[in-house]
Amino acid sequence: MQKIAFIAGVGDDNGYGWAIAKALAEDGFTLLFGTWTPIVKIFNHSWECGKFDKSRKLSDNTLMEVKKIYSLDAMFDKPDQVNEEIKGNKRYLTYNNYTISEVAKLVEDDFGYIDVLVHSLANGPEVKKPLLETSREGYLSAISSSSYSFVSLLQHFGPIMKNGGAALNLSYIASHRVIPGYGGGMNSAKAALESDTKMLAFEGGRKWGLRVNCISAGPLGSRAAKAVGFIDKMIDYSKVNAPLAGKDLVASEVGDAAAFLLSQKASAITGVTLYVDNGLHIMGVACDSKSFT
């Protein structure tokens, strides 16, 4: 029987979601993508015109295939939550059934089940603002799209996941360390995500026999990360100050770690936040600080 993975949040070929998809494809998974509704058309066009072909290449020289791409807006759980402004937006007009509950139902109708659920979603409309300048609306939006969306995805996909299946989300060191410039409530959203991972591991394990884990990944110059505004500085900082100094963190390393956590090789691992960041999280001081020179 085919192994099926649903990956929410893939919108291009240079982020961690894509890397996880490739690692799962190497392991023989059938892939389903949930792509943010406003960019589905662009993503499909890029795929069809061959823009991703180089990135799709697997170790056996075949190309990674995606069985189906679903339009997904993870800010909405049910259709009655979608406001008129969104419904009337030209980027939404050609799509239906893009709330989380509707997408889960479509996947159930199309395939019957999934084995693996991956949450690769994050958005903070005020991420460039200091927390002290963040509005309530911006803060709650960051929490809603970046952490509650994982709770909702597991609520709705859990019933169609096989016993022994696994779910995974992606976090960042700002969940428990101060990263100046990473604002707008995104630090809080990542903290919530890691805390929810533990609670969902308990509840999802007892209810459906699922494992739930988190990867705290180091900085990557992806399209989404560049929205923060200082990702290049964080990459440079990590290369200087991490234990594995001078080493680039590449997306495939996170993909491989995710594939392990989602596999039966990790059948006794749940509720864990695994750091894939060249060891930066263990450092208490910056090696390049003037205080140490």
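Just so it is clear, none of the values below were taken in a lab; they were calculated from the coordinates. Just so it is clear, the model here is predicted, and its values are computed rather than measured. Using ideal geometry, Cβ is built from the backbone for each residue, glycine included, and neighbour counts are taken over all protein chains shown.
With the condition kept exactly as written, say whether any residue in the stretch 104-115 is under 22 Å from GLY209 (Cα atoms), touching a residue at least 40 places away in the same chain (Cβ under 8 Å) and in a strand (DSSP E or B). Yes, there is a match, as at least one residue in the stretch 104-115 is under 22 Å from GLY209 (Cα atoms), touching a residue at least 40 places away in the same chain (Cβ under 8 Å) and in a strand (DSSP E or B).
Put simply, of PRO219, PRO243 the only residue that is under 16 Å from the mean Cα position of the chain (by Cα) and either without any contact (Cβ under 8 Å) to a residue 60 or more places away in the chain or in a helix (DSSP H, G or I) (or both) is PRO219.
Looking at SER195, is it more than 25 Å from ALA268 (Cβ to Cβ) and either assigned to a helix (DSSP H, G or I) or free of Cβ contacts under 8 Å to residues at least 40 places away in the same chain (or both)? In short, no.
Within the stretch 43-97, being over 18 Å from LEU31 (Cα atoms), surrounded by 13 or more Cβ atoms within 10 Å (Cβ to Cβ) and not polar (S, T, N, Q) holds for LYS51, ASP73, ALA74, MET75, PHE76, ASP77, PRO79, VAL82, ILE86, ARG91, TYR92, TYR95.
Residues that are among the hydrophobic types (A, V, I, L, M, F, W, C), part of a helix (DSSP H, G or I) and buried (at least 20 other Cβ atoms within 10 Å of the Cβ) within the stretch 161-191 comprise ILE173, ALA174, MET186, ALA189, listed in sequence order.
Does LYS87 qualify as being over 18 Å from the mean Cα position of the chain (by Cα), within 28 Å of LEU154 (Cβ to Cβ) and in a helix (DSSP H, G or I)? Spelling it out, LYS87 is indeed over 18 Å from the mean Cα position of the chain (by Cα), within 28 Å of LEU154 (Cβ to Cβ) and in a helix (DSSP H, G or I).
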